[in-house]
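Coordinate-derived values only; no laboratory data. In this text the structure is predicted, and so the values were computed from the model without any measurement. Heads up, the Cβs are rebuilt from the backbone with ideal geometry, glycines too, and the neighbour counts pull from every protein chain shown.
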Amino acid sequence: MSFDLMSYEPRGDKKNSDFFGEYLPKIYERRNSSGIAELVGPMRAIVMQVEASALFNTMAELYVMTPYRHSASYLGRTHKFSVMHSHADYPALILMAPLSDTFEDFIPRINRMYPLARKTPQTRYVGEIFAATDLNNLSKTLEDQNIRFEYSGDTENPFYTLDGFRFTTPSDFTCNRVGYSTLDFNDTDSLGLGERVLLSDTEQARLDQAAAFSTDSKIAPLMLGIDHLATRVLAGEREDAILEFLTMVPYYFWGAYNIFDMNSSTNVNRNPNVDDDKKSPAKVFTANNTPSFVNSFAKLPMPTEDFVRNFGRRLHHMAVEILDGDHGAGEKNVDFVVNTLKDEGVPFLAHVVGECKDDPNLKQIFSKHSKNTLLITEYIERCHKYDGFFTKDNVAALTAAAGQDEQYQHGHVFD
């Protein structure tokens, strides 16, 4: 997909402010004139941290629920790392866990601020790493645009300042980081994560069993890769979050839609330089239409704002694309995958929503929050080459289902 960003008309019915309309083209133009568009490539990895005791269980869960498979594990100074891959051209997944439950850095500090994040203080989606050609030139150029980076001594986790990497500080609007790297993520030893460590025979056997389940049940070839990554932010920070992200990477604002039933909007950003979104997944930002204190007048649903108030600004879900097709007996592939996972004990928030008949459309469903990552996994089938990211009815149903599962019961946080 290649086109002129300056003439592109974003899709959707969400009205943006004059501020957004003024600065979006300025950011596109500055990316080109400053060289950022040439210095930054596609997404090469996604990074998440889990509790010290949850690293292996998270890997096993990902084997069942995603196409990711373990490539190698490493022991660093403060963390253990496991690198997973789904496809050589798609982003790798780096899981990390502190060696001690008492490890302190930004993640436990921010998590303790929110009632439904306190029980898992080390657990947080960290961000994405993008290919880069010149880290010094890139960071200097972005620092001139008031983007902040981590340097040695700035953070307790040395991963963020390893050779071959450059990470921003956590965003004030999303709490996610953007990383850049010149390294080959298919060559895990080149990443410098630490001393390579082997899985135990028991651990390897469990992963082999999970892989066999996916193969024997015939869902493995239907799970393609990560379609999009969705972060929830506060109502007043939606435009800032989008513009900040577009400052740092060569994505474009694809469009935004109001989800009136859920009092929110969904805002999609895509990479125009790839022929398959799974090579550099879309970044989605979801926010309430009005802040909670104003919404108290209208008393509309606000599951998106409630999520941020309960868990903090953070990634809400990652979506796995399912191969489009009919599995048989009137069942689409996504129905087959979900029913197979349900039989294996994977919990879901609701039934599959959307219809796939003769016209392009979507079928989608949310899993329940993972106890290991706090993330929801979405499964999405794009029927008849549908190129959108949602339908309003689908998103309203999914958002409502997630909202029921993300409520904060006062007085029970520390049970």
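Here is how the numbers come out for the structure above:
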item	result
Candidate aspartates and glutamates for bridging to Lys299, where Cα separation is under 14 Å - those fewer than 8 sequence places away on the same chain excluded	Asp261
Cα-based Rg of segment 208-316 normalised by 2.2 N^0.38 Å, two decimals	1.32
Sequence-distant residues sharing a close amide H with Ile147 (under 5 Å, placed H)	none
Contour minus Cα-Cα distance for Arg112 and Ala205 (0.36 nm per residue)	29.9 nm
Amide H within-cut-off set for Lys363, under 5 Å, with H built and near neighbours excluded	Glu381, Cys383
Distance (nanometres) between label positions extended 7 Å along Cα→Cβ at Asp172 and Asp18	2.3 nm
Ranked list, fewest to most other Cβ atoms within 10 Å of each Cβ, for Tyr257, Tyr8	Tyr8, Tyr257
For Arg314, residues with placed amide H under 5 Å, excluding near neighbours	Arg232
Surface/4 of the Cα convex hull for the chain, nm²	20.1 nm²
In nm, spacing of pseudo-spin labels at Ser292 and Arg148 (7 Å Cα→C-beta vector)	2.5 nm
Helix-only mean residue ellipticity at 222 nm for the chain, each DSSP H run of n ≥ 4 adding -39500 (n - 2.57), per residue, nearest 500	-8500 deg cm²/dmol
Centre separation in Å (Cα based) which lies between segment 260-301 and segment 79-128	23 Å
Given Lys332/Lys371; Lys15/Lys371; Lys26/Lys283; Lys15/Lys332; Lys26/Lys385; Lys283/Lys371, the pairs whose alpha carbons are separated by over 30 Å	Lys15/Lys371; Lys15/Lys332; Lys26/Lys385
Fraction of beta bridges assigned by DSSP in the chain that are antiparallel (%, nearest 5)	70 percent
Dipole magnitude of the chain about its Cα centre (Cβ charges: Lys, Arg +1; Asp, Glu -1), debye to nearest 20	760 debye
Additional length obtainable on full extension of the chain from Phe260 to Asp275, 0.36 nm per residue less Cα span	2.2 nm
Residues listed by number, segment 73-93, amide nitrogen under 20 Å from Asn186 label point at 7 Å toward C-beta	73, 83-93
Isolated Cys in the chain, by beta carbon distance under 4.7 Å	Cys175
Scaled radius of gyration (Cα, divided by 2.2 N^0.38 Å) that segment 178-270 gives	1.62
